[in-house]
Amino acid sequence: MGAIFYIVRKTVKNAVIDAFRHPLMLVMYGIFFLSIISAVLMGYANSTATYSVEKDTRALYGGYLALLHFISIPIMLKGLSSGTSFFSMSDVNNIFVAPMSEKKILIYGVGRQLASMLFLAICFSAYGGMAMNIFRLTAEDAVWLILGIIVMFILVQMMTLMIFCLSSGHQKRAKVMKYIIYAIPVYPLAVVGIYMFTNGMTVENLLYAVSQPMLEYSPIGWIHGVIFGIIDGNYANIAVYGILLFVSLIACILVFVYTKLDYYEDVLGQAESNYAFRESLRTGNMGESFGMSSQKLKDSNIGIKKGSGANAIFYKHLKEGERRSRFIFLNISTAVLLGVALVTGLVIDQIMDGIYRTTVIYLGTTIICSYLQFFFSAAGDWVKELSKPYIFLIPDSPVKKLIMASATSIIKPFTDGTIAYLVLALIVGGQIPDIVTSILVYGSFGCVYIAANVLAQRIVGMNGNRGVFITFYMSLIFLLMIPGIMLGLMSLSNAGELSIIAATMMGLPVFIWNMIISFLIFLMCRNLLNNAE
Amino acid sequence: MINVSHLTKKYGRFKANDNLSFTVSDGEIAVLAGPNGAGKSTAIKCIAGLLRFSGEIEICGHNNKSADAKRILGYIPEIPAPFELLTVWEHMEFIARAYRLENWEERAEKLINRMELDDKRNKFGKELSKGMQQKISICCALLIQPKAVLFDEPFVGLDPHAIKELKAMLSEMRGNGTSVIISTHMLESVEEFWDKVFIMMNGRIEAERDRKIVEQSGENLEELFFSITEKGK
């Protein structure tokens with residue numbers, strides 16, 4: 001274990017030294033941590049005010065449970081796929097060949113993974129302040145909520161370890177495990193769904209459904225049970241779910257200790273792929289095969305068939321998209337957007353009444369969906385293109401190349417928005433201008449996210465530090481969209497009384513601003529494709 | 001013709017290329033040789049227009065970053081980077097479309113056959129071995145019938161047949177008047193066809209020799225290389 005401790009110690013020490021060698025990175029990290037601390041402090045300061053209304057934490061119950069599932073299920077599925085995110089290529093090359101126990105090496109991998117996840121928990125502390133304000137929690141409650149997330153990370157890592165031990169080298173077992181993991185979120189969804197369908201789609205019923213004690217019967221729910229047991233002073237819950245958590249942790253450790261492990265072969269291929277993935281993340285050059293399986297082609301499906309000059313990049317992207325998914329522009333983000341739009345729309349529908357009902361629905365859903373879009377707008381096709389030399393070598397105008405390379409990423413949010421808002425319109429109705437504007441605004445935010453990415457690539461550089469890049473990218477998004485939102489608010493306030501198409505009145509200036517600023521950035525950054533660095 | 005004039009490439013204070021100037025004439029095969037870290041790949045990437053630099057680089061009289069230069073420049077990178085979701089044949093189609101080539105199919109067919117990729121034509125880039133990916137890179141670069149070609153360690157990962165074919169292709173390119181630069185430290189692989197050699201060390205060209213001069217002096221490429229790179233050791 002000495003060698004492993006040495007690696008850990010040296011890695012931490014050198015990371016600190018490296019941070020001091022890159023002052024810009026240090027400043028960015030400083031800003032990041034300061035913003036989290038200030039968010040926490042502001043949340044605490046605001047929450048000290050006294051409230052006359054009784055607090056209703058039912059939405060928090062549901063939201064927190066959803067968050068726990070949202071984070072834990074992908075981690076478990078990834079662990080199942082070979083437990084391989086634990087190791088880097090340098091681990092494979094240097095530690096796997098060393099005369100060390102495979103179990104110790106696995107502990108090292110899991111520990112390292114856990115450390116990186118705890119960093120995420122720090123990020124969640126910023127939301128602690130927000131939760132204190134919205135749900136009128138005490139600072140102590142917020143700390144318990146964050147601790148719950150940390151416990152969840154630990155439990156999920158231990159469960160991932162157990163899953164990996166049990167399924168490594170056994171495809172059938174892995175398949176069964178996969179179905180079990182899928183069942184974990186299906187259970188609470190089914191409980192809420194059944195309640196809503198049998199008792200009616202009202203906000204009150206939704207709040208009741210998401211706060212039912214039976215939602216805590218699954219392993220992820222146990223953490224929820226303990227944390228809310230502490231917050232609500234429910235000692236029975238703390239005892240029952242605490243014991244269940246403790247026993248499950250012991251079970252995970254026992255499985256790990258008594259399983260004969262031979263996982264190097266499983267890990268090697270994935271570690272190579274992870275290495276390529278991390279390298280591409282570090283350099284900003286995303287490959288396109290991550291998570292892809294091979295597929296057989298029909299003769300009729302071979303060939304790009306269209307395009308010339310820079311256009312060829314766009315048609316190539318269409319072909320690649322077709323191969324990723326049968327429906328080129330439809331994927332999980334389309335489904336999530338549709339779900340969020342419907343839930344938000346239905347909730348507002350229950351709260352609002354009168355002539356302003358639909359316009360407020362479109363206003364509310366557009367704000368929430370545009371915010372969420374940021375999380376889906378990661379590496380588009382154009383970013384992946386930067387990892388190949390061809391885009392730099394093609395003899396065509398750089399602006400045209402940039403626009404054509406981004407075209408699929410620009411079309412995607414407009415497609416998602418069209419589907420989501422048309423379905424929403426079928427359910428809640430609404431004015432045609434509001435529906436169209438919502439689609440346009442949602443799509444235009446996609447353009448702003450891409451433009452900010454282009455600008456950040458141009459300024460920070462493609463091979464720069466990813467932490468600096470992401471902080472800078474997020475700041476740019478904020479700066480770019482503020483004027484549009486201000487214009488929208490001005491347009492709304494100039495109208496005097498609230499209009500029945502308020503979403504259109506506010507949305508149109510936002511859409512126009514977003515499109516203009518995005519195009520200007522594309523124009524300014526045309527030289528991005530002059531250099532691959 | 002490839003004309004490099006006062007090429008300097010800095011990373012911070014470090015000069016990866018320090019005031020390089022050289023010319024590769026039409027129909028000439030030049031070798032950029034040097035130990036690891038000498039700056040060969042950086043120079044190749046600068047010539048390919050992938051990096052920022054100071055100085056001037058011209059490809060057949062066009063600035064290397066212009067569309068006119070790109071149209072006639074072939075580049076085979078050190079690490080092959082095919083599109084993972086395009087088939088071998090679609091790589092050819094993409095290049096033909098992007099460079100607006102006409103009547104390219106027969107040429108693509110020949111290149112694919114010569115590189116023994118014909119039975120892999122419907123395989124995705126990601127399904128190919130590194131050597132085969134390298135072969136795609138070569139096919140893509142040569143499909144445009146370039147007037148100048150840059151090879152960065154082209155023989156790494158290739159099988160003996162592909163090496164033989166590539167050498168034949170290089171001779172053909174010389175016959176067609178194409179300027180070729182090959183960056184390598186595998187000197188024996190270029191021994192039989194080089195015309196000019198630039199030996200690089202620490203970002204600078206330490207020596208420039210024509211084949212005739214080296215042969216007249218009774219030296220070979222390897223002896224010349226070691227006499228320069230191990231000078232003073």
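The values are calculated or read from the model by the stated rules, or taken from the named source; none is laboratory data. Everything numeric here is computed off the predicted structure, so don't read it as measured data. For neighbour counting, all protein chains shown are included, and Cβ atoms are generated from backbone atoms with ideal geometry for every residue, glycine included.
Laid out as a table, the results:
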{"quantity": "Hits in region A:385-408 (condition: more than 7 Å from every other protein chain (Cβ to nearest Cβ), buried (at least 22 other Cβ atoms within 10 Å of the Cβ) and among the charged types (D, E, K, R))", "calculated": "A:E385, A:K401"}
{"quantity": "Pairs with Cβ under 8 Å, 6+ apart, first in region A:502-530 and within 14 Å of chain B (Cβ to nearest Cβ), second of a type in the set (G, A, S)", "calculated": "A:R526/A:S397; A:N530/B:G49"}
{"quantity": "Tally, over region A:233-247, of residues that are surrounded by fewer than 16 Cβ atoms within 10 Å (Cβ to Cβ) and in contact (Cβ under 8 Å) with a residue 40 or more places away in the chain", "calculated": "0"}
{"quantity": "Filtered residues of region B:35-90 (kept if among the aliphatic types (A, V, I, L, M) and under 30 Å from B:N122 (Cα atoms))", "calculated": "B:A48, B:L50, B:I72, B:L73, B:I76, B:I79, B:A81, B:L85, B:L86, B:V88"}
{"quantity": "Residues satisfying the stated conditions in region B:46-62, i.e. more than 8 Å from chain A (Cβ to nearest Cβ) and either more than 18 Å from B:V149 (Cβ to Cβ) or surrounded by 24 or more Cβ atoms within 10 Å (Cβ to Cβ) (or both)", "calculated": "B:C46, B:I47, B:F53, B:S54, B:G55, B:E56, B:I59"}
{"quantity": "Single unsatisfied condition, A:A174 versus (1) closer than 22 Å to A:L244 by Cα; (2) surrounded by 17 or more Cβ atoms within 10 Å (Cβ to Cβ); (3) not β-branched (V, I, T)", "calculated": "(1)"}
{"quantity": "Residue check for B:P82: at the interface with chain A (Cβ under 9 Å from one of its Cβ atoms), farther than 20 Å from B:V180 by Cβ and under 19 Å from the mean Cα position of the chain (by Cα)", "calculated": "yes"}
{"quantity": "Single match in B:I112, B:I76 (criterion: more than 9 Å from chain A (Cβ to nearest Cβ), over 24 Å from A:F314 (Cα atoms) and not aromatic (F, W, Y))", "calculated": "B:I112"}
{"quantity": "Residue that is surrounded by the most Cβ atoms within 10 Å (Cβ to Cβ) [pool: residues in region A:310-328 that are modelled with pLDDT under 85 and not in a helix (DSSP H, G or I)]", "calculated": "A:I328"}
{"quantity": "Selection within region A:307-320 - out of contact with any Ser or Thr (no Cβ under 6 Å at 6 or more places or on another chain) and either of a type in the set (S, T, Y) or more than 8 Å from chain B (Cβ to nearest Cβ) (or both)", "calculated": "A:S308, A:F314, A:Y315, A:L318"}
{"quantity": "Selection from region A:131-143 of residues that are within 23 Å of the chain's Cα centre (by Cα) and surrounded by fewer than 19 Cβ atoms within 10 Å (Cβ to Cβ)", "calculated": "A:I134, A:V143"}
{"quantity": "Residue in region A:196-218 that is outside the structural domain of A:M352 (by TED's automatic domain parsing), small (G, A, S), out of contact with any strand residue (DSSP E or B) (no Cβ under 8 Å at 6 or more places or on another chain) and surrounded by fewer than 16 Cβ atoms within 10 Å (Cβ to Cβ) present", "calculated": "yes"}
{"quantity": "Residue list for region B:89-109, filter: surrounded by fewer than 17 Cβ atoms within 10 Å (Cβ to Cβ), within 13 Å of chain A (Cβ to nearest Cβ) and part of a helix (DSSP H, G or I)", "calculated": "B:E105"}
{"quantity": "Hits in region B:163-220 (condition: surrounded by fewer than 15 Cβ atoms within 10 Å (Cβ to Cβ), in contact (Cβ under 8 Å) with a residue 40 or more places away in the chain and at positive phi)", "calculated": "B:G177, B:N202"}
{"quantity": "The lone exception for A:Y258 - which of (1) over 21 Å from B:N122 (Cα atoms); (2) within 14 Å of chain B (Cβ to nearest Cβ); (3) modelled with pLDDT under 80 it fails", "calculated": "(2)"}
